[in-house]
Amino acid sequence: EVQLQESGPGLVKPSQSLSLTCSVTGYSITSSYRWNWIRKFPGNKLEWMGYINSAGSTNYNPSLKSRISITRDTSKNQFFLQVNSVTTEDTATYYCARYNNPFDYWGQGVMVTVSS
Amino acid sequence: DIQMTQSPASLSASLEEIVTITCQASQNIGNWLAWYQQKPGKSPQLLIYGTTSLADGVPSRFSGSRSGTQYSLKISRLQVEDIGIYYCQQASSTPYTFGAGTKLELK
């Protein structure tokens, strides 16, 4: 069974970088599909942030393009999210998800608070 | 970006009642529309994809339909376990976008 698990710090200071890891089991991220980061803000809005596909190419939401980077470690079957220069507006629950048109597998989410 | 206008924002319904949630796409997305259910403390779970196809394990009381650029999710007989937040999502083009969500509560 495909499983995704997010990990990373729950508290980040403003202006710093947010870094999260998604560990995938049950499927190789190099086999197929797009591997995504999605966040849910307080108030329930969902925002797609971007993906890295099985070939290693990335696609980012233009609203975040200048601040976001998604990379991977194929040896560990993990992919990563980095968001630079965070503000309180980046406080959210962050999910990783597999895109098989649509998003068919999700991690349980990690809550990240941006605060000094 | 394609905007997904979802309504209502919240909905209170009785057990066994018929519930309908709608999403209006700002442009043609064909059948590239999915619905998700999110229960408290859980991640979103896929309900319907391709406008009308039920995901594995989803009860048949859930159904999806389309009229032009308006998409609907229908729950034919509301059950207690259906309580949560529902989202539509367009899969026609990136950036993928979601509706604002409908919070479904029991009356």
Output for Cβ contacts, cut-off 8 Å, separation at least six or different chains, first residue within 10 Å of another protein chain (Cβ to nearest Cβ) in the stretch A:89-116, second among the charged types (D, E, K, R) and part of a loop (DSSP other than H, G, I, E, B), reads A:GLN108/B:LYS42
Candidate set: the stretch B:67-107, residues that are in contact with a Lys or Arg (Cβ under 7 Å, 6 or more places away or on another chain) and within 14 Å of chain A (Cβ to nearest Cβ); chosen: the one nearest to B:GLN27 (Cα to Cα) = B:ALA100
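Residues are listed down the side, and each one gets a yes or a no for (1) more than 18 Å from B:THR5 (Cα to Cα); (2) touching a residue at least 40 places away in the same chain (Cβ under 8 Å):
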site	(1), (2)
B:SER43	yes, no
B:LEU46	yes, no
B:THR51	no, no
B:ALA55	yes, no
B:PHE62	yes, no
B:ILE75	yes, yes
B:VAL80	yes, yes
B:GLY84	yes, yes
Report whether or not A:ILE38 is closer than 24 Å to B:GLN89 by Cα, without any contact (Cβ under 8 Å) to a residue 40 or more places away in the chain and not aromatic (Phe, Trp, Tyr).
-> no
Considering only the stretch A:60-98, how many residues are over 13 Å from A:VAL24 (Cα atoms) and in a strand (DSSP E or B)?
-> 11
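When you scan the stretch B:29-49, do you find a residue that is β-branched (Val, Ile, Thr), more than 11 Å from chain A (Cβ to nearest Cβ) and crowded, with 17+ Cβ neighbours inside 10 Å, even just one?
Residues of the stretch B:29-49 that are β-branched (Val, Ile, Thr), as a first pass: B:29, B:48.
In the following step, the residues that additionally are more than 11 Å from chain A (Cβ to nearest Cβ) were identified as B:29.
Restricting the remaining residues to those that are crowded, with 17+ Cβ neighbours inside 10 Å gives B:29.
Within the stretch B:29-49, one or more residues are β-branched (Val, Ile, Thr), more than 11 Å from chain A (Cβ to nearest Cβ) and crowded, with 17+ Cβ neighbours inside 10 Å.
Throughout, read-outs are computed from the coordinates displayed, never taken from laboratory work. Being a predicted model, the structure only gives us computed values, none of them experimental. Glycine gets a Cβ as well: all are built from the backbone with ideal geometry, and neighbour counts include every protein chain shown.
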